[in-house]
Structure formats: structure tokens, C-alpha cells
Amino acid sequence: MEKIALVTGSSRGIGRAVARKLAAEGYAVCVNYRVRQDCAEALVAELTGAGCRAMAVQADVSVRQQVNEMVRRVEDAFGPVSLLVNNAGCGYLGNIGEIDTVSQTRMIDLNLRALTAITNLSVPYMEAGSRILNVSSIASFCPTPRMTVYSATKAYVSAYTIGAAEELKAKGITVTAVCPGPMATEF
């Protein structure tokens, strides 16, 4: 049976690199993007050119209706997801009270609510042996001034992963967090 991977936020950066690696390992890859359609389509062309089944799916993962539609489209096109990579996220620098509230709450919506929602919507369709990979951050271990909200959201991701791993163990689904440090990406 073909392995299906859904990688959120995969039009560039870590998500793009993960999508490439999964394609090389034989996964059919669903490339999720919010805005950068050109980058997502270029990645899909690269993956299909290398013999991988791939598709781009536009969805803002912080909008529940778009997540529902994305999960349905992936299921219809490829079948059940066997690897969910929760990579979509954002981070903004600034002191509390100085950075705009919209940016602060956007981090919470995307880094926490979206990850929680897409996981909750995907798990009922996942079979034993499926995996979830959550992209957290080394910032989750140490609150950082000027990145207070970002650090807090990533602490949630790490804690959520530990709890989800224990809860889903009985279903045969593994859940892991990766905690990268500073990297050379557009982020």
C-alpha cells in the first residue's frame, strides 16, 4: 500500500525539505501552501519529475473549513494519510505591548489551534502504523525575550506531542516532535 504524507507549510523552508525527503523515501506527497502557489507548484513539478505522486493543496490551516476541505481532497486523491507533518507556523519578534496584537494572535491561531485542529481531523482516518510529526522549536525549552508568544506556542506543541503520543499509542499511531534551532530559511 502506498504511503501518503501531508506536509503543512511545505512550499518553502523546512516543509519543502521534508517533502523532498519523504518523496525520496517513496511517499506520495501532498504539499500544503497558504499563499505561495508558485513555490508549491514548482515543488510538485520537481517531485513528480522524480517519479513521485504529488499534489499541491491550498489551505490556510488556521481556518477550520479550509482544513476540512484539504483533508477531504487529500483523502479523495490519494487515500488516508499515513504521515501528517504539522510544519505550518509563524513567528514574530517584538516586545509585548509593542508588537501588534494581530501578529501575536496569528501565532497562537496558526501554531496552536491549527496544529490541534488538523491533527484532530486527521486521526480518525489514520490507520495503525501511521505517524504524526510536529515541528516545534528549541525555543519551546526556554522562553525568549522578544519571542515570548512564539516560545509559548512552541512549548504547547512540545507538550501536546507528548500527550498525543501517549493517547494514540493504543491506536498504533506514533507522534513525535522535532525541535530545530536557527536555520537558514525565509522564516
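On the given criteria, is T174 among the β-branched types (V, I, T), on the phi < 0 side of the Ramachandran plot, modelled with pLDDT of 95 or more and open to solvent by 30 Å² or more (accessible area, probe 1.4 Å)? Lay out the reasoning, then the answer.
Values: among the β-branched types (V, I, T): yes; on the phi < 0 side of the Ramachandran plot: yes; modelled with pLDDT of 95 or more: yes; open to solvent by 30 Å² or more (accessible area, probe 1.4 Å): yes.
Yes.
Are any of the residues in region 72-85 touching a residue at least 60 places away in the same chain (Cβ under 8 Å) and either aromatic (F, W, Y) or farther than 24 Å from T161 by Cα (or both)?
So in region 72-85, the residues touching a residue at least 60 places away in the same chain (Cβ under 8 Å) come out as 74, 78-85.
Now drop any that are not either aromatic (F, W, Y) or farther than 24 Å from T161 by Cα (or both), which leaves 78-79.
Checked region 72-85: at least one residue is touching a residue at least 60 places away in the same chain (Cβ under 8 Å) and either aromatic (F, W, Y) or farther than 24 Å from T161 by Cα (or both).
Pairs under 8 Å by beta carbon, first residue open to solvent by less than 100 Å² (accessible area, probe 1.4 Å) in region 93-104, partner part of a helix (DSSP H, G or I), six or more apart or different chains?
G94/S103; Q104/V149
Check every one of the strands (runs of 3 or more DSSP E) wholly within region 16-93 and list those with 2 or more residues that are among the small types (G, A, S). If you could, list the steps in order and put the result at the bottom.
On the way: elements: 28-33, 54-58, 83-86.
The strands (runs of 3 or more DSSP E) meeting that bar are 54-58.
For G49, state whether it is over 21 Å from V135 (Cβ atoms) and of a type outside the set (D, E, K, R). Spell out the reasoning first.
Numbers: over 21 Å from V135 (Cβ atoms): yes; of a type outside the set (D, E, K, R): yes.
Considered against the rule, which asks whether it is over 21 Å from V135 (Cβ atoms) and of a type outside the set (D, E, K, R), G49 comes out as yes.
Regarding L115, is this residue open to solvent by 30 Å² or more (accessible area, probe 1.4 Å), in contact with a strand residue (DSSP E or B) (Cβ under 6 Å, 6 or more places away or on another chain) and not charged (D, E, K, R)? Give the steps one after another, and end with the answer.
Numbers: open to solvent by 30 Å² or more (accessible area, probe 1.4 Å): no; in contact with a strand residue (DSSP E or B) (Cβ under 6 Å, 6 or more places away or on another chain): yes; not charged (D, E, K, R): yes.
The answer is no for L115.
Condition first: modelled with pLDDT of 90 or more and within 21 Å of V123 (Cα to Cα). Now tell me which residues in region 10-32 satisfy that.
G15, V18, A19, L22, Y27, A28, V29, C30, V31, N32
Return the total of residues in region 116-130 being more than 15 Å from G79 (Cα to Cα) and either β-branched (V, I, T) or part of a strand (DSSP E or B) (or both).
The total comes to 3.
Would you check which residues across region 145-171 are more than 27 Å from V81 (Cβ to Cβ) and open to solvent by 50 Å² or more (accessible area, probe 1.4 Å) and list them?
Hits for region 145-171 are P145, R146, M147, T148, A152.
Tell me which residues, restricted to region 104-129, are of a type outside the set (D, E) and more than 15 Å from the chain's Cα centre (by Cα).
Taking region 104-129 first, the residues of a type outside the set (D, E) are 104-108, 110-126, 128-129.
Result: Q104, T105, R106, P124, Y125, M126, A128, G129.
Suppose we keep only residues that are touching a residue at least 12 places away in the same chain (Cβ under 8 Å) and of a type in the set (D, E, K, R) within region 37-70. Which one would you say is nearest to T116 (Cα to Cα)?
Ranking the candidates gives R64 first.
Search region 30-75 for residues being among the basic types (K, R) and within 15 Å of the chain's Cα centre (by Cα), and hand back the single one that is least open to solvent (accessible area, probe 1.4 Å). I'd like the intermediate steps shown before the answer.
Filtering region 30-75 for residues among the basic types (K, R) gives 34, 36, 53, 64, 72-73.
Adding the requirement that they be within 15 Å of the chain's Cα centre (by Cα) leaves 34, 64.
Details: R34: 122, R64: 145 Å².
Of everything passing the filter in region 30-75, R34 is least open to solvent (accessible area, probe 1.4 Å).
For N134, state whether it is in a strand (DSSP E or B) and either touching a Cys at 6+ places or on another chain (Cβ under 9 Å) or closer than 21 Å to G163 by Cα (or both). Give the derivation first.
On the way: in a strand (DSSP E or B): yes; either touching a Cys at 6+ places or on another chain (Cβ under 9 Å) or closer than 21 Å to G163 by Cα (or both): yes.
Here the answer is yes, as N134 does meet what is asked.
The values are calculated or read from the model by the stated rules, or taken from the named source; none is laboratory data. This one's a predicted model, so the numbers in the text were calculated from it and none came from an experiment. Counting neighbours? That spans all protein chains shown, and the Cβs are built from the backbone with ideal geometry, glycine included. Calculation scope for accessible area: heavy atoms of the full protein, side chains included, ligands and nucleic acids excluded. Shrake-Rupley method; radii C 1.70, N 1.55, O 1.52, S 1.80 Å.
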